[in-house]
Amino acid sequence: MAKLDIPEEFGRLLSRFDELRALASSISSPNPEDDDLIKLAIVGFSFSRPTESWSRPHLEYVRRLLAGDYSVDSVAWWESAADRVRQFAALAFGYLLGQSEAAQLSGDQIKMALAVLPGFIAANSRQFA
């Protein structure tokens, strides 16, 4: 299992964030549950796994994470940047799921990455405004 530099990986996603948001919004899905946030997660997932590998457990996992620390109420203090913070979190969650399925990240590394994510977002707050 490769050792990924999580902040560097998040930085790569952030450097392409607007492009990836546009890509996600262009996705047409037959699944009505695939809202804009889930489509961003699918885009993140597709960095290391084919989109055809995306399944209901992935969707449920991302929804659970978005309902926790990244719920609308939890990110409200970000004010006008709240939507972009949630969007980036969804992208990152999908990316981490894909890396896990590609055997690039262990369960412990995923937990560490999820712990690093809020600090990464805060450190790059200007890019979410």
Note on segment 111-129: residues more than 15 Å from the chain's Cα centre (by Cα), free of Cβ contacts under 8 Å to residues at least 24 places away in the same chain and loosely packed, with under 11 Cβ neighbours inside 10 Å are Arg126
If we ask which residues in segment 62-110 are among the aromatic types (Phe, Trp, Tyr), surrounded by 17 or more Cβ atoms within 10 Å (Cβ to Cβ) and without any contact (Cβ under 8 Å) to a residue 60 or more places away in the chain, their number turns out to be 3
Restricting segment 46-61 to residues that are under 18 Å from Glu33 (Cβ atoms) and among the hydrophobic types (A, V, I, L, M, F, W, C), the one surrounded by the fewest Cβ atoms within 10 Å (Cβ to Cβ) turns out to be Leu59
Does Ser48 fit the bill of being within 25 Å of Ala115 (Cβ to Cβ), at pLDDT 95 or above and in a loop (DSSP other than H, G, I, E, B)? no
Do we find a residue being under 15 Å from Glu8 (Cβ atoms), in contact with a Pro (Cβ under 8 Å, 6 or more places away or on another chain) and part of a helix (DSSP H, G or I) anywhere in segment 109-121? yes
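The values are calculated or read from the model by the stated rules, or taken from the named source; none is laboratory data. It should be emphasised that the depicted structure is a prediction, and the values quoted were computed from it without experimental measurement. Backbone-built Cβ (ideal geometry, glycine too); neighbour counts: all protein chains shown.
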